[in-house]
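Undergrad: One structure, as structure tokens, below. Some questions next.
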Amino acid sequence: MAPQLAHGAGRGLAMGEKTWERLFGGGRRSGGRWLIIAGAAAIALVAGFIGFRLAMIIQGGPSQPSASPPTAPLSTSEQIVQTVADIEGLVVGVTAYRHKKAGDDGSSGSAVVIARKKGMAYLLTNHHVIEGADRIDVTTGDGETVPAERVGVDPYTDLALLRIPQRYVDKVAVLGSSAKVRKGEMVIVAGNALGIYADTVNIGFISSLHQKLPIYFGDGAEPDWELDVLQVDAAMNYGNSGGGLFNLRGELIGINNAKVVEPGVENIGFAIPIDLAQAVAAELEQYGKVRRPDLGIVPVGLAYVAEDIYRSLKLPPTVHEGVLIRDMPEGPAKAAGLSAYDVIVALDDRPVYDKVSFRQTLFQHKIGDTVKVTYYHAGERKERLVTLGEAP
């Protein structure tokens, strides 16, 4: 049985279950693995005997026989306790209210304080934690609840930037580098488990430096994007989405956002690398979004097109990959003469296989670039030069 998926930031949201076949059904092909985009990270300490070397402090020398003996390196357990104390207060609770939903008592998540400037404190969380919210509250480490302002969101990376008055936070996270993270490295996961257990921690290891996490913008069968994430074996729970992943130096190296949900599977969680999150946060602060190039179309992978529609496209028998333009195009594509039900098979001679590969190639360009679009119209292969606009 394929793993199951549950959506939601935590307590207060129903755990919808979908099988892989249901999500990818209705198309012409299916396959893969199920992942969960849900809360990340509660914590149960894992005992270990992994050494963490610190420089020894030596007092005195041979001419001072009465000097104290060298200070022993901290044990792993002591180092963890010290680091947990250092990061305490950096992770806050987030409650999102969607008043249009009957009986909404708020859904819970977490956020990390990443900056203070001009009287405001900036917090990183997951987009899915606050998506569709009419009101967002932040609960600080000392229990104060503060209304938060949504600065910007980016569905592609599942990140959102919030801010509250600076006086409500005492410190900010030290940002590390996810490029320096090593497989097998011990890490600390912090967040508000279930929205009840505030600022709890768990210990684990980096299981993989690169895993592909599918991102869905709606209830569609086809992934809209693919996110490169860190895999962590620390326990993760609902309500911890948006919490922090820290190394043993107390540096923030990731934002927790997902885990696998399946009977018999334990501790397969994921975090957005901090190098990516930091770049996204800078764009969100300045523009309220991440600026990306746009072709002006709604793409659908050919593998997910109904059989009768596929046959009506009159494609050559060798063409079975690409993206269908679902609706009438707008902006650049419309200006270039593309139409609904055209099938794009290449951008600048790079093959397009599906919606994700289409966007991966598109996003390597800049707004204003001119790209060559290769496509089929009523079964006839065509090419057009299209000047890219800016995504809304």
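The values are calculated or read from the model by the stated rules, or taken from the named source; none is laboratory data. What you see is a predicted model; the values in this text were computed from it and never measured. Because the Cβ atoms are built from the backbone with ideal geometry, glycine has one as well, and the counts that use them run over all protein chains shown. SASA here: full protein model, heavy atoms, side chains in, ligands and nucleic acids out. Shrake-Rupley method; radii C 1.70, N 1.55, O 1.52, S 1.80 Å.
Undergrad: Got at least one residue in the range 131-141 being within 23 Å of Glu251 (Cβ to Cβ), out of contact with any helix residue (DSSP H, G or I) (no Cβ under 9 Å at 6 or more places or on another chain) and modelled with pLDDT under 95?
TA: So far as the range 131-141 goes, yes, one or more of its residues are within 23 Å of Glu251 (Cβ to Cβ), out of contact with any helix residue (DSSP H, G or I) (no Cβ under 9 Å at 6 or more places or on another chain) and modelled with pLDDT under 95.
Undergrad: Let me ask something additional. Give, as residue ranges, the strands (runs of 3 or more DSSP E) completely inside the range 188-255 that count at least 2 residues that are among the polar types (S, T, N, Q) and surrounded by fewer than 24 Cβ atoms within 10 Å (Cβ to Cβ).
TA: So the answer is 197-215.
Undergrad: Can I ask one more? Name every residue in the range 121-158 that is aliphatic (A, V, I, L, M), more than 20 Å from the chain's Cα centre (by Cα) and either assigned to a loop (DSSP other than H, G, I, E, B) or surrounded by fewer than 16 Cβ atoms within 10 Å (Cβ to Cβ) (or both), in order of residue number.
TA: Selection gives Ala148 alone.
Undergrad: Continuing with the same structure: Determine whether Val91 is hydrophobic (A, V, I, L, M, F, W, C), modelled with pLDDT of 90 or more and either within 29 Å of Leu161 (Cβ to Cβ) or in contact with a helix residue (DSSP H, G or I) (Cβ under 6 Å, 6 or more places away or on another chain) (or both).
TA: So Val91 passes the test.
Undergrad: Additional query: With a cut-off of at least 1 residues that are surrounded by fewer than 15 Cβ atoms within 10 Å (Cβ to Cβ) and in contact with a strand residue (DSSP E or B) (Cβ under 8 Å, 6 or more places away or on another chain), name the strands (runs of 3 or more DSSP E) lying wholly within the range 313-388.
TA: By residue number, 370-377, 380-387.
Undergrad: Among what's in the range 301-312 and is of a type in the set (A, V, I, L, M, F, W, C) and buried (at least 22 other Cβ atoms within 10 Å of the Cβ), pick the residue that is farthest from Tyr375 (Cα to Cα).
TA: Val305
Undergrad: Shifting gears a bit: Quick one: what pairs do we get from the range 366-390, first residue more than 20 Å from Ile309 (Cβ to Cβ), second in a strand (DSSP E or B) and among the aromatic types (Phe, Trp, Tyr), C-beta under 9 Å, 6+ apart or different chains?
TA: Glu383/Tyr375; Arg384/Tyr375
Undergrad: Hey, does the range 168-183 have a residue that's open to solvent by less than 50 Å² (accessible area, probe 1.4 Å) and assigned to a helix (DSSP H, G or I)?
TA: Taking every residue of the range 168-183 in turn, at least one turns out to be open to solvent by less than 50 Å² (accessible area, probe 1.4 Å) and assigned to a helix (DSSP H, G or I).
Undergrad: Residue check: is Val265 touching a residue at least 24 places away in the same chain (Cβ under 8 Å) and either open to solvent by less than 40 Å² (accessible area, probe 1.4 Å) or in contact with a helix residue (DSSP H, G or I) (Cβ under 8 Å, 6 or more places away or on another chain) (or both)?
TA: It is false that Val265 is touching a residue at least 24 places away in the same chain (Cβ under 8 Å) and either open to solvent by less than 40 Å² (accessible area, probe 1.4 Å) or in contact with a helix residue (DSSP H, G or I) (Cβ under 8 Å, 6 or more places away or on another chain) (or both).
Undergrad: Separate question: If a residue must be free of Cβ contacts under 8 Å to residues at least 60 places away in the same chain and buried (at least 23 other Cβ atoms within 10 Å of the Cβ), how many such residues does the range 276-298 contain?
TA: Taking the range 276-298 as the starting set, the residues that turn out to be free of Cβ contacts under 8 Å to residues at least 60 places away in the same chain are 279, 282, 286, 297-298.
Going one step further and asking which of them are buried (at least 23 other Cβ atoms within 10 Å of the Cβ), we end up with 297.
So the count comes out to 1.
Undergrad: Just to verify a result, which residue in the range 74-96, among those that are outside any helix (DSSP H, G or I) and among the hydroxyl-bearing types (Ser, Thr, Tyr), is nearest to Val113 (Cα to Cα)?
TA: Here the answer is Thr95.
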